[in-house]
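Coordinate-derived values only; no laboratory data. None of the values given here were measured: they were computed from a predicted structure. Note: ideal-geometry Cβ built from the backbone for every residue, glycine included; neighbour counts use all protein chains shown.
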Amino acid sequence: MIWNLGSINADNFYLLPHLPGPGETISARDFRQGLGGKGANMSVAAARAGTRVMHVGALGADGGWALERLLEYGVETAHITLMEGVTGHANIAVDLEGENNIVIFPGTNHEITEEMIGAALSEASSGDWLMMQNETNGQRFAAQTAKTLGLKLAYAAAPFDAEAVKAIIEQIDLLVLNEVEAAQLRAATGGELRQLPVDDIVVTLGAGGCEWVSNKAHRIESYPAYHAQAVDTTGAGDTFTGYLVAGLDRGMTMPQAIDLAMRAGALMVTRHGTADVIPDLKEIRDHDF
Ligand code: ATP
């Protein structure tokens with residue numbers, strides 16, 4: 001089972017004739033509200049991959065719809081706390097050429113208490129996974145608690161913050177980075193990824209596939225991506241990570257889990273949207289890659 005300490009955002013999309021300049025007011029041509037946030041995306045991806053996933057997070061009183069939607073997608077929500085305050089959200093302005101600008105407000109994603117995390121993880125079993133990203137507070141406490149309880153820790157270092165990674169690096173079993181984050185981590189630690197005290201590091205390379213740095217086996221393996229007609233790459237990394245951890249949780253080897261995650265990522269980039277359009281196992285099986 002996966003315990004995912006993660007963000008939940010309302011993604012508010014506004015379609016505009018052009019992006020606003022300073023002081024400009026523009027009337028949007030269309031509006032859509034979707035479920036987003038790296039945490040929610042990864043929970044949905046893991047659930048779509050057929051694993052039990054308990055999301056640990058927080059929503060404001062305005063976030064009931066997000067809870068409903070996570071439930072609908074198969075995510076367990078008993079440890080999502082509804083509290084005072086505003087649900088995390090991203091206001092995404094998109095112009096007719098597809099160019100965007102984004103304002104994010106973390107809201108209740110930064111109001112998660114140690115009591116909430118402790119209560120959730122006290123129900124976990126040794127051998128379960130704790131998955132985290134860098135859009136909530138409480139990661140240090142969660143990482144320490146997870147290790148005390150014998151959980152494995154998967155961490156997607158996004159949005160990247162060198163200090164946040166360094167603070168928990170000794171506890172991480174699986175680190176997932178994209179190409180930019182990998183370069184930032186190398187610069188911050190002044191060394192190579194294979195010198196970090198983490199058993200497995202997976203670096204995603206977009207259409208270039210991914211690389212697995214196995215520090216236990218002293219090996220680096222490259223995997224080419226599946227072919228895809230990309231229309232929107234948003235959420236590809238989150239989908240990849242959710243599927244990767246789910247595959248491992250279901251007993252796959254790392255190469256098997258990577259293969260599944262790359263199929264999910266390739267299918268995801270052919271779709272517009274985030275959590276609401278993450279493919280399930282059947283769609284992946286039926287797709288002709
Ligand atoms: P994002 O932040 O846009 O969600 P990311 O930068 O975290 O993404 P990527 O490296 O872009 O993550 O993508 C994750 C995985 O998805 C890749 O390793 C690859 O397997 C798959 N993928 C992404 N883009 C493509 C593409 N254009 N064609 C095929 N597969 C892709």
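Among the trypsin sites (Lys or Arg not before Pro) within segment 1-87, those in coil by DSSP and having at most 14 neighbouring Cβ atoms inside 10 Å are ARG29. For segment 254-276, there are no residues whose amide N sits under 13 Å from a probe point set 7 Å from the Cα of LEU205 along the beta carbon direction.
Computed over the chain, the per-residue total of -39500 (n - 2.57) for DSSP H runs of n ≥ 4 gives a 222 nm mean residue ellipticity of -9500 deg cm²/dmol, rounded to 500.
Per residue, the convex hull spanned by the alpha carbons of segment 13-83 comes to 126 Å³.
Cα extents for segment 124-202 along the principal axes, largest to smallest and rounded to whole angstrom: 35, 24, 17. Label zone of ARG250 (point 7 Å out along Cα→Cβ, amide N under 14 Å): in segment 20-42 this covers no residue at all. In this structure, HIS227 and ARG140 have a Cβ-Cβ separation that, at R0 = 30 Å, corresponds to a calculated FRET efficiency of about 0.15.
Here the simple spin-label model places points 7 Å from the Cα toward Cβ, and for GLN195 and SER122 these points are separated by 4.3 nm. Cross-link partners for LYS166 among the lysines, with Cα-Cα distance under 17 Å and sequence neighbours closer than 8 places in the same chain left out: LYS147. For the options GLY150, GLY74, GLY39, a Gaussian network treatment of the chain with springs between C-alpha atoms closer than 10 Å singles out GLY150 as fluctuating the most. Be a star and scan segment 20-45 for residues whose amide nitrogen sits under 11 Å from the point 7 Å along the Cα-to-Cβ vector of HIS272. Within reach of a label on HIS272, which here means backbone N under 11 Å from a point 7 Å along Cα→Cβ, segment 20-45 contributes 30-32. Legend: Rg and Dmax of the chain, from Cα coordinates, 18.4, 57 Å. Using a Gaussian network model of the chain in which every pair of alpha carbons under 10 angstrom is joined by a spring, one finds that among PRO22, PRO224, PRO255 the greatest mean-square fluctuation is at PRO22. Distance from the Cα centroid of segment 106-180 to that of segment 47-102 is 18 Å (rounded to whole angstrom). The calculated FRET efficiency for GLU114 paired with ALA188, based on their beta-carbon distance and R0 = 22 Å, is about 0.25. Each residue of segment 102-108 was assigned a 3J(HN,Hα) from its phi angle through the Karplus curve 6.51 cos²θ - 1.76 cosθ + 1.60 (θ = phi - 60°); the sequence is 9, 10, 10, 10, x, x, 5 Hz, with glycine and proline shown as x. If you build a Gaussian network model of the chain, linking Cα atoms that sit under 10 Å apart, which residue out of PHE31, PHE240, PHE141 swings the most? Evaluated over the chain, the most mobile residue of the options is PHE31.
Sorting 153-165, 116-128 by their mean Cβ neighbour count within 10 Å, with the most densely packed peptide first, gives 153-165, 116-128.
Once a ≥ b ≥ c are taken as the square roots of the eigenvalues of the Cα gyration tensor of segment 161-222, is the result rounded (a/c under 1.5), prolate (a/b larger than b/c) or oblate (a/b not larger than b/c)? Cα axes put segment 161-222 in the oblate bin.
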